[in-house]
Every structure is written in structure tokens, then in C-alpha cells.
Amino acid sequence: MVWDEGACTVGRVMDMVGPRWQLKPPGGGREWDAKGALRPATAAERLSAGVALANARSRGERP
């Protein structure tokens, strides 16, 4: 799990295409090209992403 500085979000590294890293949301979904520098996500950022995913699932927004 990494923090995308440009998008201000946590993602999972899926691939590198040319000079760009492709990331995917922790719970799955559409990939995006990293918009800025990447760094390892902190424990707090990983936890926050997990809570957001659990909340979305409880509302029926994600499988």
C-alpha cells in the first residue's frame, strides 16, 4: 500500500507502464496512474482507507 501524493489517497501498486505507476483502490475498482510522488502508506492511512471501504460496503456502495 502506498500514498499517492498527487491524488492524496492510498492505493495498491498494480504495475508500472513506462514511467508511470498504476494504482488500484484497496478494495478493488478502477486503476489510475499515480498523480504524484509515491511513498509507503502509514499505518494511519492504511487504517483510514480500510474504514472508508467498510463504511462504503455497509451502505451498499461496494461489493
With the structure loaded, tell me whether ARG39 is assigned to a loop (DSSP other than H, G, I, E, B), without any contact (Cβ under 8 Å) to a residue 40 or more places away in the chain and in contact with a strand residue (DSSP E or B) (Cβ under 8 Å, 6 or more places away or on another chain) or whether it fails that test.
no
Which residue is most open to solvent (accessible area, probe 1.4 Å), if the candidates are limited to region 39-56 and must be touching a Phe, Trp or Tyr at 6+ places or on another chain (Cβ under 6 Å) and of a type outside the set (Lys, Arg)?
GLU45
Name every residue in region 1-30 that is surrounded by 15 or more Cβ atoms within 10 Å (Cβ to Cβ) and not in a strand (DSSP E or B), in order of residue number.
MET1, PRO25, PRO26, GLY27
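The values are calculated or read from the model by the stated rules, or taken from the named source; none is laboratory data. Note that the structure is a prediction, hence the values are computed from the model and not measured. Here the Cβ is made from the backbone with ideal geometry for all residues, glycine too, and neighbour counts use every protein chain on show. The accessibility values were calculated without ligands, DNA or RNA, using every heavy atom of the protein model including side chains. Shrake-Rupley method; radii C 1.70, N 1.55, O 1.52, S 1.80 Å.
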